[in-house]
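For reference, the structure discussed in these notes is given below.
The values are calculated or read from the model by the stated rules, or taken from the named source; none is laboratory data. Computed from a prediction, not measured in an experiment: that's the story for all the values here. For neighbour counting, all protein chains shown are included, and Cβ atoms are generated from backbone atoms with ideal geometry for every residue, glycine included.
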Amino acid sequence: MPRGVTPISKHLRARKSDIAKTWETLVRAEVPRLAGLDRTSLLDHLPEFLEALARWTEGDTAGARAGFTALAEGHALQRLGYGIDLIALVREYTLLRSTIMRELMAVGTAEQTRELILRLNDGMDAAMLEAVRYYTQAHPGIRSVLAPTDMGEVAREVAAEHQVQVAASGDLLGVWDRDAVRAVLAALIDDVTAITLRESGDRQAIILTLTRDQPTVPQMTDRIRDLALSHGARFTMQDNRFAIEWPRTPLRDVPQRT
């Protein structure tokens with residue numbers, strides 16, 4: 001386990017301002033609900049968050065996690081106060097992840113560096129989970145809302161925001177929490193090049209397959225599995241493809257074969 005300053009933590013601290021500027025530009029362009037915030041409100045505690053990530057890569061997970069908890073609570077409550085929904089909250093974290101990953105490409109490709117980047121990804125996951133936890137605890141109206149939903153329509157909405165092609169076949173209607181489906185897709189859409197949807201053979205589920213432009217690392221596999229399971233879906237993967245199977249709920253709403 002790394003201890004002390006690492007190439008990643010050093011780079012994060014030196015490039016805080018540049019990371020913030022790049023992330024701000026992306027968020028204003030891709031997350032309409034956040035675009036209207038002034039710069040101070042939008043950035044919130046981002047510099048402190050980057051410092052906590054740096055500490056995480058240095059092996060100080062306890063200190064970093066304590067920082068994530070404190071910052072996540074304040075950030076989630078601030079976003080809630082501005083009327084920002086959970087999907088926008090998750091999306092700003094995924095954009096920050098992609099901004100940091102691209103920034104760290106300049107550090108190098110040595111094995112130690114790759115391991116530190118994977119470690120940083122774990123830190124991002126911990127921070128995102130804390131923010132979502134505090135948001136949902138503070139918002140009494142956040143709960144699973146099942147309603148008739150066209151899974152293909154939801155997938156096309158998210159994909160259109162990222163210029164990703166969607167191929168759909170079969171009956172994609174069912175009863176799901178539409179916001180949950182959007183949140184999962186928004187969290188996973190980075191680096192996805194294609195999305196396909198189809199009914200399962202028994203018509204009891206919709207299988208959503210996402211293809212990435214590179215193999216999925218084990219840490220990302222665990223993250224996707226946990227995210228899918230948290231919303232009642234099942235997950236499988238092979239090489240650079242992963243599939244999320246969304247059961248139709250309740251079973252009485254499963255279309256009968258004619």
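Assorted remarks:
- All of Gly59, Gly83 fail the test of being at pLDDT 85 or above, assigned to a loop (DSSP other than H, G, I, E, B) and not hydrophobic (A, V, I, L, M, F, W, C), apart from Gly59.
- If only residues of the stretch 203-218 that are touching a Lys or Arg at 6+ places or on another chain (Cβ under 9 Å) and not hydrophobic (A, V, I, L, M, F, W, C) are counted, the one that is modelled with the lowest pLDDT is Thr216.
- Test: residue in the stretch 26-43 that is in contact with a Phe, Trp or Tyr (Cβ under 7 Å, 6 or more places away or on another chain) and either at positive phi or buried (at least 16 other Cβ atoms within 10 Å of the Cβ) (or both): yes
- Filtered residue count, the stretch 62-105, keeping only those that are in contact (Cβ under 8 Å) with a residue 40 or more places away in the chain and either in contact with a His (Cβ under 7 Å, 6 or more places away or on another chain) or in the same structural domain as Ala186 (by TED's automatic domain parsing) (or both): 4
- When we screen Ala168, Ala186, Ala180, Ala159 for residues that are under 16 Å from the mean Cα position of the chain (by Cα), in the same structural domain as Met237 (by TED's automatic domain parsing), modelled with pLDDT of 85 or more and over 14 Å from Arg241 (Cβ atoms), the only hit is Ala159.
- Just one residue in the set Thr57, Thr22, Thr6 is touching a Pro at 6+ places or on another chain (Cβ under 9 Å) and either among the polar types (S, T, N, Q) or not assigned by TED's automatic domain parsing to the domain that holds Glu130 (or both); that residue is Thr57.
- Whichever residue in the stretch 51-70 is aliphatic (A, V, I, L, M) and surrounded by 21 or more Cβ atoms within 10 Å (Cβ to Cβ) and, among such residues, is nearest to Arg182 (Cα to Cα): Leu53
- Meets criteria (closer than 15 Å to Pro247 by Cβ, of a type outside the set (D, E, K, R), without any contact (Cβ under 8 Å) to a residue 12 or more places away in the chain and not assigned by TED's automatic domain parsing to the domain that holds Leu89) for Gly201: yes
- Filtered residues of the stretch 1-39 (kept if outside any helix (DSSP H, G or I), at pLDDT below 90 and over 29 Å from Gly81 (Cα atoms)): Met1, Pro2, Arg3, Gly4, Val5, Thr6
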